[in-house]
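Below is one structure, written out as C-alpha cells, with a few remarks after it.
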There are 2 protein chains.
Amino acid sequence: MSQPKYLTGDKAGLEEFLAKFDVFLFDCDGVLWSGDHLFPKVAETIEMLRSKGKQLVFVTNNSTKSRADYKKKFDKMGIPCNVDEVFGSSYSAAVYIACILKLPAPKNKVFVLGETGIEQELNVEGVPYICGTDPAFRRDIEPEDFTDIANGSALDPDVGIVLSGLDFHLNYLKMATAFQYLQRGAIFLATNIDSTLPMAHSLFPGAGSAGAGLAKAFGKEPLSLGKPSQAMMDAVEGKFHFDRSRTCMVGDRMNTDIQFGIEGKLGGTLAVLTGVSKKEDFLAEGAETVPMAYVDQLGDLLG
Amino acid sequence: MSQPKYLTGDKAGLEEFLAKFDVFLFDCDGVLWSGDHLFPKVAETIEMLRSKGKQLVFVTNNSTKSRADYKKKFDKMGIPCNVDEVFGSSYSAAVYIACILKLPAPKNKVFVLGETGIEQELNVEGVPYICGTDPAFRRDIEPEDFTDIANGSALDPDVGIVLSGLDFHLNYLKMATAFQYLQRGAIFLATNIDSTLPMAHSLFPGAGSAGAGLAKAFGKEPLSLGKPSQAMMDAVEGKFHFDRSRTCMVGDRMNTDIQFGIEGKLGGTLAVLTGVSKKEDFLAEGAETVPMAYVDQLGDLLG
C-alpha cells in the first residue's frame, strides 16, 4: 500500500487533491470540533469547499438526535450548514428503509425501540411506525400480555421491521413485543451498535447495548445503519446518488471513518490529526488502514 | 469412551449402580415431569432413594422463582420434597455469594437486576442487596440521574456485586446504574444466561437476554450461576459439602445436565429418555457427551 500524501502546506498537492472530488463526507467530532471546542478555520474551509461547488455531507452515529437537532449544533458552532447535509444514524435507518428496503406498503411498518429522533426521521421519509415514544408501550408487562403477544392479538400485522436504537425508556414489554415480531419474520435493523454512550464524563449503555438483549434472544445481530457499517454508506448513496469514485471521506479515526470510506470504495480518504488516530498509526510499517492523504487539521485545506 | 450401561429391567445392574452413590442431583423438567404432566412412578422412586438414605438435590435454572415457590410445584405434583432440597439458579447465586465469594461485609452488597425470587434467596443467605423490586428503581431515567450516577452520588459505596437475572421491570436507569458499578469494579454475576424464556407456547426474552445489554456495554460476560456453568456445581457443593465421587447427576439433556455432571467430575451420570435427548444421541459413534448409564424413565430405577 502506498504512503498517504501529506498535504499541509502543499498548495499544488491540495489543489490536485480537491479537484479529484465532487462530494466530501465529514465525520464531525474530532474533525470539525471536539465537544464544544471548534477547530481553527473550520467555517472558512467549509465555505471554500462550497464555493468550489463541492457537495458536503456530515455523517454521525448519534441516533437520539434528529438532523434538525444537529443543525442547531452547527449553528451554535458558527458553521454554515443545511439540515439536508446532516446524515445521522436515525436518518440513515429511515433512508435505508424508505429508499433501499422499500417493503411494499402497508407491510413496511416499523416497530421502534428508541426516542423521538428516530420518529422524526421516519416521519420525514414517510415511513409508518409504532411504539417509539408511544406511552402505551411505556408500562410494565402484565400476565395477559404474554398470551396476547404469543398469540398475536397484541401485534400489528403490518409490522415488517424492528428498528432498535438508543432507548432511555426500554422495558420488557417492548423487548418481548419486538422479539415476537422478529420470530414472525420482521427484518432486524439498528441505528448503530455503539456499545457505550459518553455522558457526564462517564460511560452509559449505548444503542448497541440497548438492542443487545433482543439480539441475544433472537440469536442474530441486527443490520447496523451506523458507521462503519456499509449499510450506512448505501443509505447515504440512496439519498444523494453520488459517484463514489468522485467522493472523499474525511475523518479522524482509522478503524471507523477511514475504514468506512475504503470499504465503501470511495475515490479517496482524508485523515485529520485533531482526533483519535495519530499519524504514526497509519505511517507505521504494516498499518492496516491507510488514508489516501492527511492534513494536520481540517483548516489546512485552505492552503 | 465406554458405552453407557442400560439399566431398565436390569435388577442387579440397578442395585450395583445405586450403591455407588450417596447423593443424586436431579434436573426437573423432562426428568420428573414435562410441564404439568408427571411421569410414572416418580414419587415412588424418590421415596425409594430416600429409604436407602440417599441425599437428593433438585437443580433448576429458573431464577424468578424461589425455592419456596418450587416447593409448591412439588406439592402439586405429589412429590415429597423439602425446600432445602431445591437448588434454583437464584439460590445458586445467593449461595455462591455467601459461601464462595465471601466478600467482607459491608462491601458484599448486591445490586440486583431481577424479581422477588432472587431477593428471597439473598435474604435466606443473609446477603444485603439493593434495587431488585424496589419501586425507587422502577422509574424513567432523568437528566440529573446521568450526573448523579457518573459522579457516584447516586451510588451505594458498599455495592461489590452486580447480579443479573430475569427482570420483567428492566429499565435504562437500572442498566446505567449497574453499568456504573461494574466500571467501578463490582463483580458481574448472572443467575443464568438462558437466551429465551418459554411462556404461553412461545418464546420471550430470557435471563441472559435481559443481562446482555449490560454485558455488551461492559465488554465482558457475567459469571453464570446456572447449568451448565460449573460455578453452579461449586455452589451446590458449597451448600451441601458432598463427595463428588459419590454423587450422580440425573438429567435428560446431554449438553446441559450430563455435561454439567461430567465437567463437575461427579462419580456418575444417569440419562433418562423422557426429555430432550434421545438414546441415539449418546449411543452414536463419536458422540460428544455420553452418560455413565441410562434408563427409559426415572421410574425404572425401582427395578
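No value in this document is a laboratory result; all are computed from the given coordinates. The structure displayed is predicted, hence computed values, not measured ones. Note: ideal-geometry Cβ built from the backbone for every residue, glycine included; neighbour counts use all protein chains shown.
Remarks
- Compared with the dominant Cα axis of chain B, that is its longest principal axis, helix B:67-77 is turned about 40°.
- Other protein chain C-beta atoms within 10 Å of residue C-beta, averaged over B:170-183: 4.
- The per residue volume of the convex hull around the alpha-carbon atoms of segment A:1-59 is 119 Å³.
- For A:A136 and B:A12, the FRET efficiency from 1/(1 + (r/R0)^6), where r spans their Cβ atoms and R0 equals 60 Å, is about 0.35.
- Residue mean of other protein chain beta carbons inside 10 Å, B:146-152: 4
- Fraction of beta bridges assigned by DSSP in chain B that are antiparallel (%, nearest 5): 15 percent
- Cα centroid separation, segment A:52-129 to segment B:1-76 (Å): 58 Å
- Exam field: A:D75 pseudo-label spacings to other copies (7 Å along Cα-Cβ), nanometres: 6.6
- A Förster radius of 30 Å, combined with the Cβ-Cβ distance separating A:Q183 from B:D22, puts the computed FRET efficiency at roughly 0.10.
- Point-charge dipole on Cβ atoms (K/R +1, D/E -1) for segment B:102-224, about Cα centre, debye to 20: 360 debye
- Shape index of the protein assembly as shown: Rg/Rh, with Rg the Cα radius of gyration and Rh the Kirkwood radius from the inverse mean 1/r over Cα pairs, equals 1.07.
- Hydrodynamic radius (Kirkwood) for segment B:102-224, which is based on Cα pairs only, to one decimal in Å: 14.7 Å
- Among beta bridges identified by DSSP and lying wholly in segment A:103-224, the antiparallel ones come to about 20 percent.
- Peptide B:215-224 has a mean of 4 when you count, residue by residue, the C-beta atoms of other protein chains within 10 Å of its C-beta.
- Volume per residue for segment A:200-303 equals 164 cubic angstrom (convex hull of Cα atoms).
- Of the trypsin sites (Lys or Arg not before Pro) in segment B:211-303, the ones in a loop by DSSP (not H, G, I, E or B) with at most 14 other beta carbons within 10 Å are B:K220, B:K265, B:K278.
- Only helices enter this figure: runs of n ≥ 4 DSSP H residues, each worth -39500 (n - 2.57), summed and divided by the residues of chain A, yield -9000 deg cm²/dmol at 222 nm to the nearest 500.
- Degrees between helix B:230-240 axis and first principal axis of chain B (Cα, 0 to 90, nearest 10): 80 degrees
- The angle between the Cα long axis of helix A:207-218 and the longest principal axis of the Cα atoms of chain A comes to about 50 degrees, rounded to the nearest 10.
- Shown is the FRET efficiency for A:D36 and A:D158, computed with R0 = 51 Å from the Cβ-Cβ distance and rounded to the nearest 0.05: 0.75.
- Sequence-distant lysines (8 or more away, or on other chains) whose Cα lies within less than 28 Å of A:K72: A:K41, A:K52, A:K54, A:K227, A:K239
- Remark: C-alpha extents of chain B on the principal axes read 70, 36, 35 Å, sorted largest to smallest.
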